[in-house]
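FYI, it's all coordinate maths here, none of it is from the lab. Every value quoted in this text rests on a predicted model; they were computed, and no experiment measured them. For neighbour counting, all protein chains shown are included, and Cβ atoms are generated from backbone atoms with ideal geometry for every residue, glycine included.
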Amino acid sequence: MPFLARYSLLPACTLLFSVNFMAKTDENLKAAFAGESQANRLYTAFAKKADEEGLTQIAKLFRAAAEAETVHALNHLRVTGQVKSTLDNLGTAISGETYEFKKMYPDFIAEAKKEGNKAAALSFDYANQVEQIHANLYQKALDALKNKKELAKVDYWVCPVCGNTFEGSVPDSCPICATAKDKFMKIN
Ligand SMILES: [Fe+2]
Ligand SMILES: [Fe+2]
């Protein structure tokens, strides 16, 4: 092979290799972010269970590991570059919530009902109803930001049973799951 031909092959191969390598790593970062995020929630649930069983030190260990998994998840997320300006992030959040309540959860609910899994259908239904509320709250924030304004200073409350999210005042009980308002969690 003439010298020049051999030389010209090298950058092409190098480029191909790095493109494949980068695509794979990007996939791996997303998978690792998902896995670490899930581990955080799983260990948080395990900690709560250990506390209920009176195993306070093991609960503490689960909480420590859960916190560490959040550090890992956020490190992976930062490398993916998915956290942008708040203006962009609100758009991303609205798209995600909208996909969930328009497509994902309706499909999941239908499948759960078809399979007779009532607990799953209820869990999906709670999330489905609340994602629409989240999309609306985010939209309000996005509209404010586009007009160069911040949102008015109000408290947010979350229903611990269905996740319903309230802005400012709260009703006596949750309109989705009927939980009494004294159980709602105030978000700071
Ligand atoms: Fe949501
Ligand atoms: Fe609720």
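For the stretch 154-160, backbone phi angles converted through the Karplus equation (6.51, -1.76, 1.60; θ = phi - 60°) give residue-by-residue couplings of 9, 8, 10, 10, 10, 6, x Hz, Gly and Pro being listed as x. Phi angles across the stretch 130-147 convert, under the Karplus curve 6.51 cos²θ - 1.76 cosθ + 1.60 with θ = phi - 60°, into 3J(HN,Hα) values of 6, 4, 5, 5, 4, 4, 5, 5, 5, 4, 4, 5, 5, 4, 4, 5, 5, 8 Hz, Gly and Pro given as x.
Once every DSSP H run of n ≥ 4 in the chain is given -39500 (n - 2.57) and the sum is divided by its residues, what mean residue ellipticity at 222 nm do you get, rounded to the nearest 500 deg cm²/dmol? Intermediate values should be presented prior to the final figure.
Numbers: 5 runs with 128 residues, N = 188.
After summing the helix terms and dividing by residue count, I get -24000 deg cm²/dmol.
In straight-distance terms, cross-link reach from Lys60 covers every one of the lysines whose alpha-carbon lies under 16 Å from its own, apart from those fewer than eight places away in the same chain; here that gives Lys48, Lys49. Ignoring aspartates and glutamates fewer than eight residues from Lys148 along the same chain, the ones with Cα atoms less than 16 angstrom from its Cα are Asp88. The length gained by stretching the chain between Asn75 and Asn188 to full extension, at 0.36 nm per residue less their Cα-Cα distance, is 38.3 nm. Let me test this: with uniform point scatterers at the alpha carbons of the stretch 123-187, what is the Debye-based log₁₀ I(q)/I(0) at q = 0.15, 0.17, 0.21 1/Å? Taken in order of the listed q values, log10 I(q)/I(0) reads -0.50, -0.62, -0.85. Assuming a ≥ b ≥ c are the square roots of the Cα gyration tensor eigenvalues, decide whether the stretch 40-168 counts as rounded (a/c under 1.5), prolate (otherwise, with a/b larger than b/c) or oblate. It is oblate, given that a/c is not under 1.5 and a/b is not larger than b/c. Assuming charge only on the beta carbon of Lys and Arg (+1) and of Asp and Glu (-1), the dipole of the stretch 85-149 about its Cα centre is about 260 debye to the nearest 20. Computed 3J(HN,Hα) for the stretch 41-53, one whole-Hz value per residue from the Karplus formula 6.51 cos²θ - 1.76 cosθ + 1.60 where θ = phi - 60°, is 5, 4, 5, 5, 5, 5, 5, 4, 5, 4, 4, 4, 8, glycine and proline marked x.
Checking the cross-link pairs Lys24/Lys84; Lys30/Lys113; Lys114/Lys186; Lys30/Lys103; Lys153/Lys181; Lys118/Lys186 against a 25 Å limit on the alpha carbon distance flags Lys30/Lys113; Lys114/Lys186; Lys118/Lys186 as lying beyond it.
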